[in-house]
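One structure below.
The values are calculated or read from the model by the stated rules, or taken from the named source; none is laboratory data. Everything numeric here is computed off the predicted structure, so don't read it as measured data. Note that we place each Cβ from the backbone using ideal geometry, even for glycine, and neighbour counts take in every protein chain shown.
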Amino acid sequence: MSDLEQETPSSGEDLAPPTSASVKVAAGTTDDDRFECRACGYIYNPNKGDPKNKIIAGTPFTVLPTLWKCPSCGVKKTAFTNIGTTETFGFKENQTYGFGVNGMSPGQKSLLIYGGMGIGILIFLSLYTLS
């Protein structure tokens, strides 16, 4: 058998993306982790997949084919960095700083800010009742 025949895949299964067992995963990487393109800022979310490249929802980044490219700018898969799970808000390395607000969702932060402002206004208005 020639070298050309050995390199040609024999079935459609050979073209399928590798299974998670055959992919080397970095320590701390989970299937829910999002990955951001360093070139353009596109974020690959495994819960949404990549409809442009026909990647179905639920496909982890580590299982994507090696020839997969950013749908926005076309850079290789190696140009992406792990930015954490879809449940994590903000930067992963900053989650432990502050008074606990770095782990809050944007909605929780808004409630905290506007709730505090509302309480402040109520206290200010209550000062008019003093004689």
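Worth a mention:
- The number of residues in the range 112-131 being outside any helix (DSSP H, G or I) and either surrounded by 10 or more Cβ atoms within 10 Å (Cβ to Cβ) or hydrophobic (A, V, I, L, M, F, W, C) (or both) comes to 1.
- First in the range 33-56 and in the same structural domain as residue 69 (by TED's automatic domain parsing) and without any contact (Cβ under 8 Å) to a residue 40 or more places away in the chain, second anywhere and acidic (Asp, Glu) and in a strand (DSSP E or B), Cβ under 9 Å, 6 or more apart: 42/36; 44/36; 44/50; 56/50
- A count restricted to the range 41-58 and to residues that are of a type in the set (Ser, Thr, Tyr) and buried (at least 19 other Cβ atoms within 10 Å of the Cβ) stands at 1.
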